[in-house]
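What follows is a single structure, written as structure tokens, with notes after it.
All of the numbers you see were taken from the coordinates with simple rules; none came from a lab. Because the structure is a prediction, the values reported are computed rather than measured. Glycine gets a Cβ as well: all are built from the backbone with ideal geometry, and neighbour counts include every protein chain shown.
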């Protein structure tokens, strides 16, 4: 695991592969791997009658820790003579964890017991494979005589203090593998490889009572399950069933579960057991131990209430949830607009607003006959940073970029979105911050604006993958999705007009994308692509809305690689505009349901009302069966989430009016819903037939981030 650097090393050494083993207990310095500037010398006063001493201007030696992950004290024994002032650094994985002078004025000017000294670095988290390194410089008659390294388990931390063990440093028993992720606390996670139960263990070294926090990624494209055991006894079990956040492991999907006041003894074994689901492969980030007063523990999840956001009078408003599904509206001062996104941009656990816009005019555009031709444009990004209470501060950056226009699908440039149409923001390069994917019809490229972590972006252009026909020129939306189960985010490209289809683009790990398949039903394109494990086979599928002639609700079943699996997927034909829908487990029975309240086509025998569909087996594959219908509930279902904290999925609904009423559909746990006003005034709708756009986020309940 990476160590925290308290200061920079004063030495500029090249990389070096240390090999000597260092374990708990005493390791003689003369057994370390010498990189440079040290030699072995004999002396009867040393612990094994020899030590390392400087033979050059600077000295370097080290080895590889081979003990189990845990909290340790590291002591360095040496000879601090009175005739010089040597300097020593102790590093773990290249990070300086201690630096000190050997400046004793007492003792002897030669190596005797009187000049023996020891310096201890307390509270280091070490794991197998960590590199421990000594760097130093002798001075005068004191040639950096280094005797031994001692490593022992630390004492129990004081109340209120603690330590973090990275999940990737746990002992893997079965079913887990280590995967890189820039949003993880140590840059890596454990994740389920599929198949049987995933298991990993940690052996306790510090006895005491601890609040134990399990950090993980609760993505919205699956419902993983986890048990925490101590000495084979279950002390907590919980599902990872968030319906909000992100479909990939990013700052937006970070979560934690706390087991309070857990009594532990040295030698106890803490085990994590779990099963991944869908596109959520049980990604575990860390174990955080916080010392508390004694007690016996049980699962205590952080209580967070999902809030609402919507536009009114040119401003974004938020409505804060009191925990029961009743909301109180407040102003934000954030201007509304087409380029506004709602997500956790800074990774601090609360929801921010983020806007992106081309702020220079791309018109008049070059003539078609003059293509290809490079244009320059200015891009302004603004983060409206939430302070955790629903108050926002704007931070804007304007940067200049260039883009070569290659073609106009209709023979001329009609819309600015044909230059750049921004998709779903997300961590595309795995470094933990939010990047901006965009599609350029005129540039015939995917434009990736990569975030440097400080709010500045670098543009990287990606050639369109082979097998992708000419994209539509009325809309090309990029949607983040994990379609093959690896840590790399993939994309769905929803293209409108001419192409009118949604394409699955798989991240090839080399900076590009490959076409894996596509979904197409009607002549006017798809919308509302929703990623979920529809068939329960452990990978992500897609449910989508097809509009106009041939419309309805349809699905794309994934074979695990992103390609379409054989057999029929669940679908609902016959309604040209079914409207918004949500997918989730609403009745606690195995499998998912699809819910829609906007199907209204009496000519086809479909009266308006709330329909709950079960996904069922058919001779040809999977189908959809209406299991309940409530004609009193009508409108656009916007999101499925637990708004009242009772453990089941409720829904948000807006009526299909010019000014929409906002309702919460409370679930009784068996997919029976009661519509209750959310407590906010009617919200203006941009398109009456769809109702008002209402979004969700955590505006005043930030996730505690380790």
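Here are the numbers:
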{"item": "Percentage relative contact order, the chain, counting C-alpha pairs under 8 Å, at least six apart", "result": "9 percent"}
{"item": "Protection proxy ranking, peptides 445-454, 129-138, average beta carbon neighbours within 10 Å, highest first", "result": "129-138, 445-454"}
{"item": "Relative packing of peptides 485-493, 179-187, 373-381, 585-593 - highest average C-beta neighbours within 10 Å first", "result": "485-493, 179-187, 585-593, 373-381"}
{"item": "Estimated inter-spin distance, residue 458 and residue 682, nm [label 7 Å along Cα→Cβ]", "result": "5.2 nm"}
{"item": "Length gained when the stretch residue 659-residue 11 is fully extended (0.36 nm per residue, less Cα-Cα span)", "result": "226.6 nm"}
{"item": "Label-point gap, in nm, between residue 197 and residue 561 - each point 7 angstrom along Cα→Cβ", "result": "3.3 nm"}
{"item": "Highest to lowest packing among 28-39, 116-127, scored as the average C-beta count within 10 Å", "result": "28-39, 116-127"}
